[in-house]
Structure formats: C-alpha cells, structure tokens
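Structure, as structure tokens:
The values are calculated or read from the model by the stated rules, or taken from the named source; none is laboratory data. No experiment lies behind these values; they were computed from the predicted model shown. With ideal geometry, Cβ positions are generated from the backbone for all residues, glycine too; neighbour counts draw on all protein chains shown.
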Amino acid sequence: MPALKNTTVPNVTEGDVAVFRIKNYWHVAYVEKVHRNLLREPVSIDVSEMNYGGDLSYSEFKATWKSRSKREWKRAAYCCGITDNYGEVTRRDHVDLDTVTQVWSPDDVDSEGYQERFKDLVDRARRVINRFKDLTESEL
C-alpha cells in the first residue's frame, strides 16, 4: 500500500481513493466529496466503501461462509479485516482527514502535477470562452 502513495492528504480531491490503516490491515474508500474550511483547506471527506463496519462475530461468520472453523473466522476477522458489513456498500460523511493514512489518485499524478492539471483546466476554460465570444460576435 505505501507504494501507491502519490499525493499528500491535503491535496485530496473528489474521485481519489482514501487509504486507511485499521488495526493490522489497510482499508480503501472512494472519495465522493471534500469538505473545506473558510481558507479552502480540506478538513473532511465523504466516502463510499465496502466492508467497513464492526467486528465480524463468529455466528455472522458461520452464517455467511457456512464454516464452523474458529481458525478461519479469526483469520477473516483479525487478519483480513472482514467486517459485519462484508459485501455491502456503505457511506460515511465528514470523515476527518486526520484518519486518512494516504491518498491515491487515479490520474497517477504527484502533488506537483496538480499545478499542471490546473493550468490545463484554465486553458480549456479559456478556449471555451473564446469560442463563445467568437460565436456571439459573429451574430452581431
């Protein structure tokens, strides 16, 4: 997991993957929204995720996997992080950024790459505005 780190937590954006360290395993979640303070700094995120929840009880393990092996239950619950929400998509809102270990961006851009993305966005916006301006001038 550490090898996936390609941006700093304060540079998190919608569409990134937030990585959490929980007990002795990693957990990932899709960033739906970034909440910012008055200075426009990110302070929390809304995420969608699977398999986030409470500890998996032995009876839940037996019912889901049709196994009575306590050794397999302990491995699933304590080594792999299987929770009582296994296979379910859940959502958490306003997750504090202090709980995020690292962020992976599907664009595979390091934190300096955000400046390039911003310049590209500004250039695209400029082209659209110029096209609109050309259209309205030709109508006059």
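Quick notes
- In segment 61-102, the residues that are among the small types (Gly, Ala, Ser) and surrounded by 15 or more Cβ atoms within 10 Å (Cβ to Cβ): ALA76, ALA77, GLY81
- Any hit, segment 103-120, residues being of a type outside the set (S, T, N, Q), in a loop (DSSP other than H, G, I, E, B), surrounded by 10 or more Cβ atoms within 10 Å (Cβ to Cβ) and modelled with pLDDT of 85 or more: no
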